[in-house]
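Asks: Below is one structure. I have some questions about it.
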Amino acid sequence: MSIYMSVIFAFVAGALSFFSPCIFPIVPAYVAHLTGTPIAENRIQVGKREILMRSLAFIGGFSVIFVLMGATASAIGQMLVQYRGFIESDGEHMGDLVSALSCGNAGYAKVL
């Protein structure tokens with residue numbers, strides 16, 4: 001498959017995800033943020049430059065947050081690589097630890 005087909009599929013998937021139950025409800029908030037002005041005579045009174053700047057700020061904010069989340073997940077993954085041997089060899093005991101802590105959290109036993 002060529003790179004162009006991959007880009008087309010990614011674009012179509014992104015466009016379809018716009019109508020998902022997670023995204024569609026925030027569209028009014030997004031539009032309100034972009035315009036940020038009252039409606040007069042059934043028209044939004046805002047300049048194109050202002051909408052462009054607000055759009056770029058909105059996209060930039062989301063990008064920063066998701067890059068930070070990805071960097072954090074990568075850092076946690078790199079830390080876990082150091083303990084890979086322990087996790088693989090003593091992993092069956094981790095289930096016991098989780099069960100004990102769950103019982104303590106539920107109030108069935110005093111663990112710590």
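The values are calculated or read from the model by the stated rules, or taken from the named source; none is laboratory data. Since we're looking at a predicted model, the values are computed, not measured. With ideal geometry, Cβ positions are generated from the backbone for all residues, glycine too; neighbour counts draw on all protein chains shown.
Asks: Going through 61, 77 one at a time, which residue ends up being within 21 Å of the chain's Cα centre (by Cα), exposed (fewer than 10 other Cβ atoms within 10 Å of the Cβ) and either in a loop (DSSP other than H, G, I, E, B) or not hydroxyl-bearing (Ser, Thr, Tyr) (or both)?
Replies: Answer to the selection: 77.
Asks: List the residue pairs whose Cβ atoms are under 8 Å apart, where the first residue sits in the stretch 76-99 and is over 28 Å from residue 110 (Cα atoms) and in the same structural domain as residue 110 (by TED's automatic domain parsing), the second is surrounded by 10 or more Cβ atoms within 10 Å (Cβ to Cβ) and hydrophobic (A, V, I, L, M, F, W, C), and the two are 6 or more positions apart or on different chains.
Replies: Once the first residue is over 28 Å from residue 110 (Cα atoms) and in the same structural domain as residue 110 (by TED's automatic domain parsing) and sits in the stretch 76-99, its partners that are surrounded by 10 or more Cβ atoms within 10 Å (Cβ to Cβ) and hydrophobic (A, V, I, L, M, F, W, C) give 80/87.
Asks: Report, ordered by the first and then the second residue, all pairs with beta carbons closer than 8 Å, sequence separation of six or more or different chains, a first member in the stretch 11-25 that is within 17 Å of residue 62 (Cα to Cα), and a second member that is of a type in the set (Val, Ile, Thr) and part of a loop (DSSP other than H, G, I, E, B).
Replies: The qualifying pairs are 17/23.
Asks: It is to be established whether one or more residues within the stretch 27-43 are in contact with a Leu (Cβ under 7 Å, 6 or more places away or on another chain), at pLDDT below 85 and on the phi < 0 side of the Ramachandran plot. Can you show your working first?
Replies: From the stretch 27-43, those in contact with a Leu (Cβ under 7 Å, 6 or more places away or on another chain) are none; that's our starting set.
No.
Asks: Only residues that are of a type in the set (Asp, Glu) and part of a helix (DSSP H, G or I): list them for the stretch 80-92, please.
Replies: Residues satisfying the conditions are 88, 92.
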